[in-house]
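Remarks on the structure that follows.
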Amino acid sequence: MISMTSQGRAFGIASPVLQWMGLDPSPSIHDRIRAGMHLFAVLPRLTDVVRHDEEGRRIADKMRVSIEFRVLNGPRVVLSFADGRIKTRSEGKSDLGLLFTSCAQLNNMFDGRKVLPIPFKGLHKAGELSRLTRLTEILTRYLKPSDTDMQSPRFRESHVEMSLLVGLSATQQIALQDPRAERIANHLPNGTIQYIILDGPACHVVLEDGLIEARSGTIADPTTTIEIQDIDLAVSLIKGEVDTFAANGSGAIKASGSLVLADEFNTLFDRVGHYLQ
Amino acid sequence: MKKLYCFDKSLALFERAARVIPSGISGNKNPAFAVPGSFPYFAESGEGCRYRDVDGNVYIDYLAAFGPIVLGYKNPVVESAAAEQRRTGTTFNHPTERAVELAEKLVATISGMDWCAFGKNGSDVTAYAVQAAREHTQRRKIIKVRGAYHGSQSWCRHGIGGLIESDYEHVLDFSWNDATEAEDLLLEHEGDVACIIITPYHHPAFGDQVMPADGFLSDLQRLCKRHGVVLISDDIRAGFRLDLRGSHEYFDFEPDITCYCKAMANGYAISACLGTQDLKNAASKVFFTGTYYTSAPEQAAALACLAELERTDAVSHMMKMGRMLMEGLHTAAENNGLEVTLSGPPTLPFMTFANEDNFRRSQRFSGEAAKRGVLLHPHHNWFIMLEHGEADIQDTLDVADTCFRIIKKEFGS
């Protein structure tokens, strides 16, 4: 479960004080949703970097640290590196902490702008940050690939899987925070949706009591199955460029099983593009 | 063995459509809501209870254009009345005498109603009904049943596309057959609720149909009276298929406003909102108009359709055919070792497979039936029409038997 710090107060500092310090005590919904997506949908893809990328794997092998990303008056996430694996959690202790003064500052960093977060603990482990930086550079390469990288079928497949997982995971923030989606989110059915790209990877989503979890691979007996004819279409779909009803009619996308679940979830998925490029 | 149907022209035409029409085909007629690739996309013609798609495949049709075709396609009486009217023109500066005749006919036919206004589609008149209720009560809130469909206007449209929160800010939901939940909403928003809008029985897409529990509709009626709230019966889907006097007669309750469309004119575009005397003044204050709301051929067609429904005692026949279909499907499924649920009244039946909430077997069943010349939607209730005869039902059951065998083989149970 994603925990958010309460409105108007973070680290015991009251809103007027934050305002006096020139900080934003109540970020816009847009900034909050983007920050949530960056921390809970984009950052966790570092686990996929380790799975898909040799250099990423080598870097992660050397790391034994838990790094906290905390937004003042906003969300926090802890990335734990151990035994070559990365785990993401929203609670618990960390060795090293980076404080972002606002959701907007965090978002700027993910948008590639120069940002200086404030290290608030574990300075003796600051060396790990250079490894983390390299990992995030690799992640960026997969999520925003060059034309040259996309020539490689293997890279394209990894790009599509990671991008799809980002998009699918980001729906959780839509469900939790987007006022326009509240109507759907309040009655989101439970179930599982299997996404299969016929010449590429498979991912699935588990929806349970309002929580949405996206994972790679297949799942047995999904409530809904969505087959996408090829990677090109999947890329367009992720970019929000596809008329999904038209694609369904033409057979480019084949949805079977519970179309209610597919339709409701797709409403959330469609909104991700309003926040993430 | 008869050659299975294919849908090549439908698919080719859809590709053309998708280039110039958003979604290719919009709304509930988009292939995504049926069985893409195993269902027709585009129509060519219809006659009686037979529907011909653009590939030339002919079906025994249980979709009936999603309800409007109640007598059968190309009914000669209705077609001739519409043609006769068209000879003098179609749409004029003013309504013709047909408008008054039709309003008089509907007021005389639908029990408890004193006035009538015309639109073109169901959404026109459900929107008008809630606006008349708001005007009458000078209140804002609309209470509706969760999952019920009342059209594509902003206040009740499915999804969030193109909508803003304030579009549905004053719309509250309760569960079908739970009058207590409705009462809780009335109490919570005391003095602010304009109307409760219901369908006479619950016919959601993607689910079994649910009849009203004993006392549910009369409880709602009592609650509306007690709280000064208008009770609207959206009879667009079931109207003229259960009782010509309105489905509220069939289910024995007394709404203040009723809405009709689908089976009213056997395929001609017209809808009607009827209400009781004490709402007439409020209804007159709602600016309700559309370019084609007064088109005369549709009104002539409606007059002819209503007369034919009466003359032929169509509801009795459709009930008989619907029962034969429902019982036959139940038996055919059982004979193949399958358990199905047949729900809804016989004239608007629907079938689901037991213990299945993802519709995979329904989708397969409907796709296989369509390839064999029977059109049964996997997610939406079906419609019986006057032209369905015993031979058509038997042919349908023969096809269903084959399809059940396929399901049994593929899914096991």
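Spread over its residues, the convex hull of the C-alpha atoms of segment B:76-311 is 128 Å³ per residue. Here's the picture: charge each Lys and Arg Cβ at +1 and each Asp and Glu Cβ at -1 in the protein assembly as shown, and of B:I69, A:A104, B:G290 the one pushed furthest to the positive end of that dipole is A:A104. Across the options B:A302, A:P27, B:A370, the greatest Cα extent toward the positive end of the charge dipole of the protein assembly as shown (unit charges at beta carbon of Lys, Arg, Asp, Glu) belongs to A:P27. For segment B:184-258, pairs of C-alpha atoms spaced more than 19 angstrom apart make up 37 percent of the total. When nucleic acids and ligands are ignored and a 1.4 Å probe is applied, A:T88 ends up with an accessible area of around 60 Å².
Normalising the Debye intensity of chain B to I(0), with uniform scatterers on Cα atoms only, and taking log10 at q = 0.12 Å⁻¹ returns -1.01. Once you have the Kirkwood Rh of the protein assembly as shown from its Cα pairs, apply Stokes-Einstein at 20 °C and 1.002 mPa s and quote D in µm²/s. Taking Rh from Cα pairs, D becomes 76 µm²/s.
With each label point set 7 Å from Cα along the Cα-Cβ vector, what nm distance links B:N93 and A:D147? Between B:N93 and A:D147, the simple spin-label model gives 6.4 nm.
Once the convex hull of all Cα atoms in segment A:150-272 is built, its volume per residue stands at 94 Å³.
Distance from the Cα centroid of segment B:14-44 to that of segment B:345-397 is 20 Å (rounded to whole angstrom). In segment A:150-272, Cα pairs under 8 Å separated by at least six residues give a relative contact order of 28 percent. Pairwise Cα distances in segment A:9-143 exceed 21 Å in 40 percent of cases. Comparing mean-square fluctuations of B:S295, B:S23, B:S80 from a GNM of chain B with C-alpha springs under 10 Å, the top value falls on B:S23. Evaluated at q = 0.20, 0.21 Å⁻¹, the base-10 log of the normalised Debye intensity for segment A:64-119, with identical point scatterers placed on the Cα atoms, takes the values -0.72, -0.78. Across the options B:C273, B:A81, B:G147, the greatest Cα extent toward the positive end of the charge dipole of chain B (unit charges at beta carbon of Lys, Arg, Asp, Glu) belongs to B:A81. Relative to one another, the C-alpha centroids of segment B:79-99 and segment B:247-271 are positioned 22 Å apart.
For the set B:R241, B:R146, the ranking by accessible area, highest first and with no ligand, DNA or RNA atoms included, is B:R146, B:R241 under a 1.4 Å probe.
Expressed to the nearest 5 percent, the antiparallel share of DSSP beta bridges inside chain B is 55 percent. Going by the alpha-carbon gyration tensor, a ≥ b ≥ c the square roots of its eigenvalues, is segment B:110-243 rounded (a/c under 1.5) or, if a/c is not under 1.5, prolate (a/b greater than b/c) versus oblate? Because its axes are fairly even, with a/c under 1.5, segment B:110-243 counts as rounded. Here segment B:41-118 is treated with +1 on each Lys and Arg Cβ and -1 on each Asp and Glu Cβ, and its dipole about the Cα centre works out to around 100 debye. Residue by residue along A:257-264, Cβ atoms of other protein chains within 10 Å of the local Cβ number 5 on average.
Ranked by solvent-accessible area (1.4 Å probe, protein heavy atoms only, all chains present), the residues B:R87, B:R361, B:R323 order from largest to smallest as B:R87, B:R323, B:R361. Of the residues B:K320, B:K225, B:K105, the one that moves most in a GNM of chain B with alpha-carbon contacts below 10 Å is B:K225. Roughly how tilted is helix B:360-371, in degrees to the nearest 10 and between 0 and 90, from the longest Cα axis of chain B? With both axes taken from Cα atoms, the answer is about 70 degrees. Taking the three principal axes of the alpha carbon atoms in segment B:267-413, the coordinate ranges are 60, 34, 28 Å, sorted in descending order. In the full protein context, the protein assembly as shown carries 43 Å² of accessible surface per residue, based on a 1.4 Å probe and ignoring ligands, DNA and RNA. For B:H189, the solvent-accessible surface with a 1.4 Å probe is about 40 Å², rounded to the nearest 10. In chain B, the sites counted are GluC sites (Glu not before Pro) in DSSP loop states with at most 14 other Cβ atoms within 10 Å, and the longest stretch holding none of them, exclusive of the sites, is B:1-168. Three principal axis extents of segment B:39-105 based on alpha-carbon atoms, in descending order, are 42, 22, 19 Å. Residue by residue along B:28-37, Cβ atoms of other protein chains within 10 Å of the local Cβ number 5 on average. The shape of chain A comes out oblate: with a ≥ b ≥ c from the C-alpha gyration tensor, a/c is at least 1.5 while a/b does not beat b/c. Relative to the longest principal axis of the Cα atoms of chain A, the long axis of helix A:259-272 lies at roughly 40 degrees. Which of A:P222, A:P27, A:P153 moves the most in a Gaussian network model of chain A with Cα springs under 10 Å? Comparing A:P222, A:P27, A:P153 in a Gaussian network model of chain A, the most mobile one is A:P153. How would you classify segment B:27-140 from its alpha-carbon gyration tensor, with a ≥ b ≥ c the square roots of the eigenvalues: rounded for a/c under 1.5, else prolate if a/b is greater than b/c, otherwise oblate? Oblate is the answer for segment B:27-140, as a/c is 1.5 or above yet b/c matches or exceeds a/b. Compared with the dominant Cα axis of chain B, that is its longest principal axis, helix B:296-311 is turned about 70°. Summarising the strand pairing of segment B:76-311, around 40 percent of its internal DSSP beta bridges are antiparallel. Averaged over the residues of A:235-246, the number of partner chain Cβ atoms lying within 10 Å of the residue Cβ comes to 3.
The values are calculated or read from the model by the stated rules, or taken from the named source; none is laboratory data. Quick caveat: nothing in here was measured; it's all calculated off a predicted structure. With ideal geometry, Cβ positions are generated from the backbone for all residues, glycine too; neighbour counts draw on all protein chains shown. Ligands, DNA and RNA are excluded from the accessible area calculation, which covers all protein heavy atoms including side chains. Shrake-Rupley method; radii C 1.70, N 1.55, O 1.52, S 1.80 Å.
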